[in-house]
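Right, one structure below, let's go through it.
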Amino acid sequence: MDNRFDVVIIGGGPAGYVAAIRSAQHGLSTACIDAWQNPGGPPAFGGTCLNAGCIPSKALLESSELYHRARNELGNHGIKIAKVSLDLDAMQQRKSTIVQQLTDGIHSLFEANGVRGLHGHGQLLPNNQVQFTPHGGDTELIEGENIILASGSTPIELPSIPFDGKKIVDSWGALEFDEVPQRLGVIGAGVIGLELGSVWHRLGSSVAIVEALDQFLPMVDGQIAREAQRQFKRQGLDIRLGAMVRGTATDKSGLLLQYDDQQGSHEIAVDKVVVAVGRRPYTDGLLDPLAGVELDDRGFIVVDKACRTSAPNVYAVGDVVRGPMLAHKGSEEGIMVADLIAGDRAEVNYDVVPSVIYTAPEIAWVGKTEEELQAAGVACKTGSFSFAASARAKAMDQAAGLTKILASSETDRILGVHIVGPMAGELIGEAVLAMEFQASTEDLQRTIHGHPTLTEAIHEAALAVDRRAIHAINR
Ligand code: FAD
Ligand code: AMP
């Protein structure tokens, strides 16, 4: 093959593959090298997100929520189902089919856009040379006028609780269980721990989520986090805060998860443990020591606002650089870098990156929390609206939660929007757009929202900022 490209990308997850497509759209000759190989399957583009993260987790969250609702909530609608039973094999097969359709889709997009997709390992050498080793093949040298590093992240392992792939698993392992564990321990009540805990809880596991911090979801607005915690407790999710996991032991009842809290030392008998204590940037084997790419003390590739590394014409995007470890953040960085390489102006607005936790109810937010604004001394006004007063949420029988909007007292500009409730992850899109356009709450107040829709909760929360909500008592 011709081994010289305008752009060579190492990593084909949502940061890398999106950068590849955008580069090719600019007419730049582009290669994307990716090492992912699913066990027993062919290599696949899409990285963690498509193969082992966002997509399979959302597939199982959707299926498990439907199962839960069929068993527990459809009766409220007057729908009687004699017996609801679980076919976990079919559920897992559906998930795998979705993953395969989407990863195959990247292949097709690469072909359609003229991206050279290369399955195998890439290592950056000095002077923009890349050593490419195909799976089971011979190493060759590739040269890129520009290089984009997009090698992603990998789960953090607790030294005292090494993964064994069977009883002690990472997030990927927890998406692959072939039977519902009776008792599941989850270490870490972050986004991933809560989502995976919810999947297996809905499918029948007794789930204990053990979290070292005293505060539940510290990155989430306090009022929203408290409401979410209340809802999860009502569902029977056992979330233990201020509980530092120390290790595991085995006795005749099986596996024991050991933790310490203020009261002392405790053990929980479990069948499986999911370790969900965060992810670390993945650069193993990525960089020749002479490549000139600097890492920080936590292992992230150091980049500036435009994602330029310390080496000339070498960029890095996605989970391997600072910022939230989110697929859409990486994709936007990939687009920005491709545009910059093509000579366009581009930037990422890091102030309006949405976050979503796909529990039920969902939690979604963008911008600053009330606590962050208070700490920064920013005078703000707030308006909130409860889904209990939303006609659509009531019709859906999902009326738990609220929408909260924070705006500058001085200018009325929206500074943060926080939602816990039905379809929060979809609703937040309106808030992201409003904030991207630097909207005020008055802009939202004067925007017509369809009736009855969940989006009316955003309208009402905006009105509530000025104590003008229509379907709530303004206090
Ligand atoms: P990755 O997706 O990790 O891709 C990196 C790719 O680079 C991999 O294919 C890897 O094999 C390859 N690679 C690494 N080194 C080399 C090398 N030297 N040579 C060749 N290839 C290499 N984010 C969301 O936004 N929404 C969600 O709902 C969501 N859910 C998640 C659920 C779970 C269970 C997990 C684990 C994560 C979730 N995330 C979610 C996070 C999301 O998956 C990541 O933010 C995203 O995948 C990061 O994209 P990336 O392209 O930077 O890296
Ligand atoms: P996140 O980084 O959002 O994926 O969340 C991971 C969570 O795991 C954080 O809230 C950590 O506080 C928590 N955590 C890390 N180590 C431990 C531990 N040993 N025991 C319990 N929780 C932990």
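Here's the yes/no breakdown for (1) more than 30 Å from VAL337 (Cβ to Cβ); (2) in contact with an Asp or Glu (Cβ under 6 Å, 6 or more places away or on another chain); (3) not hydroxyl-bearing (Ser, Thr, Tyr):
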{"residue": "GLU145", "(1), (2), (3)": "no, yes, yes"}
{"residue": "LEU149", "(1), (2), (3)": "no, no, yes"}
{"residue": "ILE156", "(1), (2), (3)": "no, no, yes"}
{"residue": "LYS166", "(1), (2), (3)": "yes, no, yes"}
{"residue": "VAL169", "(1), (2), (3)": "yes, no, yes"}
{"residue": "PRO181", "(1), (2), (3)": "yes, yes, yes"}
{"residue": "VAL186", "(1), (2), (3)": "yes, no, yes"}
{"residue": "GLY193", "(1), (2), (3)": "yes, no, yes"}
### Message
Considering only residues that are small (Gly, Ala, Ser) and either open to solvent by less than 40 Å² (accessible area, probe 1.4 Å) or assigned to a helix (DSSP H, G or I) (or both), which ones fall in the range 357-379?
### Response
ALA360, ALA364, GLY367, ALA375
### Task
Go through (1) free of Cβ contacts under 8 Å to residues at least 24 places away in the same chain; (2) charged (D, E, K, R); (3) farther than 17 Å from SER153 by Cα and name the single condition LYS305 misses.
(1)
### Summary
Note on ILE148: of the conditions (1) within 9 Å of ligand 1 (Cβ to nearest atom); (2) open to solvent by less than 20 Å² (accessible area, probe 1.4 Å), unmet is (1)
### Task
Could you tell me which residue of the range 98-111 is nearest to VAL199 (Cα to Cα), considering only residues that are in contact with a helix residue (DSSP H, G or I) (Cβ under 9 Å, 6 or more places away or on another chain) and open to solvent by 60 Å² or more (accessible area, probe 1.4 Å)?
LEU102
### Task
Among the residues of the range 282-292, write down those that are more than 16 Å from ligand 2 (Cβ to nearest atom) and either open to solvent by 20 Å² or more (accessible area, probe 1.4 Å) or free of Cβ contacts under 8 Å to residues at least 60 places away in the same chain (or both).
THR283, ASP284, GLY285, LEU287, ASP288, PRO289, LEU290, GLY292
## Note on the structure
Subset of the range 331-356, residues over 14 Å from ALA15 (Cβ atoms), open to solvent by 40 Å² or more (accessible area, probe 1.4 Å) and part of a helix (DSSP H, G or I), comes to LEU340, TYR350, ASP351
#### Entry: Selection from the range 151-174 of residues that are away from ligand 2 (no atom under 16 Å from the Cβ) and buried (at least 19 other Cβ atoms within 10 Å of the Cβ)
SER151
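Would you confirm, using the coordinates I've provided, whether PRO126 is touching a Gly at 6+ places or on another chain (Cβ under 8 Å), open to solvent by 30 Å² or more (accessible area, probe 1.4 Å) and more than 14 Å from ligand 1 (Cβ to nearest atom)?
Working: touching a Gly at 6+ places or on another chain (Cβ under 8 Å): yes; open to solvent by 30 Å² or more (accessible area, probe 1.4 Å): yes; more than 14 Å from ligand 1 (Cβ to nearest atom): yes.
The answer is yes for PRO126.
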### Task
For the range 189-200, name all the residues that are part of a helix (DSSP H, G or I), within 11 Å of ligand 2 (Cβ to nearest atom) and among the hydrophobic types (A, V, I, L, M, F, W, C).
VAL191, ILE192, LEU194, LEU196
### Message
If I filter the range 367-377 for residues that are over 18 Å from GLY222 (Cα atoms) and without any contact (Cβ under 8 Å) to a residue 60 or more places away in the chain, do I get at least one hit?
### Response
no
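Here are ALA393, ALA327, ALA311: which of them is closer than 30 Å to ASN76 by Cα and open to solvent by less than 40 Å² (accessible area, probe 1.4 Å)?
ALA393
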#### Entry: Hits in the range 448-466 (condition: without any contact (Cβ under 8 Å) to a residue 40 or more places away in the chain and open to solvent by 60 Å² or more (accessible area, probe 1.4 Å))
ILE448
### Task
Might you let me know whether the range 283-290 holds any residue that is part of a strand (DSSP E or B), within 16 Å of ligand 1 (Cβ to nearest atom) and assigned by TED's automatic domain parsing to the domain that holds GLN25?
yes
### Summary
Counting only strands (runs of 3 or more DSSP E) entirely within the range 201-281, those with at least 3 residues that are open to solvent by less than 10 Å² (accessible area, probe 1.4 Å) and within 16 Å of ligand 2 (Cβ to nearest atom) are 206-210, 272-275
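The values are calculated or read from the model by the stated rules, or taken from the named source; none is laboratory data. This structure is a prediction, so every number in the text was calculated from the model and none was measured. A quick note on method: Cβ atoms are made from the backbone with ideal geometry, for glycine too, and the neighbour counts reach across all protein chains shown. Note: areas computed on protein heavy atoms with side chains; ligands, DNA, RNA excluded. Shrake-Rupley method; radii C 1.70, N 1.55, O 1.52, S 1.80 Å.
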